[in-house]
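Contents: one structure, followed by commentary.
The numbers here are math on the coordinates, done by the rules we state, and not lab data. Because the structure is predicted, anything quoted here is derived from the model rather than measured. Cβ sites come from the backbone with ideal geometry, for glycine too, and all protein chains shown count toward neighbours.
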Amino acid sequence: MGSGRTTVTDIEIVEDFSSTARCDEGFLRLRRLRCQNRRADGSASAVYRVDVIDRPRLDAVAVLVYRRGASGLEVLTRQNLRPAAYFRKDKEMVVPDPVSYLLVEELVAGVMELDDRGEEGLRRRAVEEVREEAGYEVRPEEIRLLGGGFFVAPGILSEKVFPTAVDVTGKQAHEPEGDGSPLEEGTRLQWRPMAEVLAACRRGEVPDAKLELSITRLLADQP
């Protein structure tokens, strides 16, 4: 099962315009701040610098798409182009890593839109992401919330990810429409046993924290 038959072999940097770009343009917003801590006794710390990365839309939803198959619970994963992970290969690493992260295996996820508010908004956005990225038609009431949202990198990134899940057992999928972005070229979908994916996450073979956390929460909440 896949969304697109293109095979991508590399991502070429055509231009690095970091030195001339503003912090408030592009998909992410980088705020460079000077801050100080205010204390209960009225005193303050020394002024220090803080960098904060914001998305135009603050938060995101992640959706664990699963089904009950012959081998038990199975999870749908997506292998997506992830330039930030891929470009690690050009940097010195603390722990050597021979893996090329041109494609990173993840679950369905997407950024919340302006009119997505509260639990209703989470469910609506999850439905849209499942349709767009996985090709399944589901209803908001089928979306299962997996507890509270979590930070991925709270030292620098303001975004919270809200984990959800949906059971698509017995449903037929259509070809995912995607969003037309070049970053969706070569995306591959596959069904894998949930226990196998969880073990791969813990070994570091599937380095998507939101996938591991979502599986763990779902299994902990099974009757």
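Structure data summary
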item: Region 69-119: GluC sites (Glu not before Pro) in DSSP loop, at most 15 other beta carbons within 10 Å; result: GLU92, GLU113
item: Residues in region 198-223 that a label on ARG192 would reach, taking backbone N under 18 Å of a point 7 Å out along Cα→Cβ; result: 198-219
item: Local net charge near ARG203, Cβ-Cβ under 15 Å (Lys/Arg +1, Asp/Glu -1); result: -4
item: Cα centroid separation - region 84-123 against region 13-37, whole Å; result: 19 Å
item: Residues PHE162, PHE150, PHE27 arranged by fewest to most Cβ contacts within 10 Å; result: PHE27, PHE150, PHE162
item: Calculated [θ] (222 nm, deg cm²/dmol) that DSSP helices of n ≥ 4 give over the chain, each run adding -39,500 (n - 2.57); result: -5000 deg cm²/dmol
item: Degrees, to the nearest 10: 194-203 long Cα axis against longest axis of the chain; result: 30 degrees
item: Estimated inter-spin distance, ALA209 and ILE156, nm [label 7 Å along Cα→Cβ]; result: 1.2 nm
item: Rough spin-label spacing in nm, given labels placed 7 Å along Cα→Cβ, for ASP54 and GLU15; result: 2.7 nm
item: Candidates LEU58, LEU73, LEU33, ranked by Gaussian network fluctuation over the chain, Cα under 10 Å, top entry; result: LEU33
item: Pairwise centroid distance, computed over Cα atoms, of region 205-223 with region 60-77, Å; result: 10 Å
item: Cα-based helix-to-principal-axis angle, 209-220 vs the chain, degrees rounded to 10; result: 50 degrees
item: Within a Gaussian network of the chain (alpha carbon springs, distance under 10 Å), most fluctuating of ARG131, ARG29, ARG192; result: ARG29
item: Segment ASP115-ARG68, length gained on full extension (0.36 nm per residue, minus Cα span); result: 13.6 nm
item: Difference of contour (0.36 nm per residue) and Cα-Cα distance, VAL47 to ALA173; result: 39.9 nm
item: Qualifying trypsin sites (Lys or Arg not before Pro) in region 98-130, DSSP loop, other Cβ atoms within 10 Å at most 13; result: ARG117
item: Along principal axes, Cα extents of region 57-220, largest first, whole Å; result: 47, 40, 34
item: Whether region 10-127 is rounded, prolate or oblate, judged on the alpha carbon gyration tensor where a/c under 1.5 counts as rounded; result: oblate
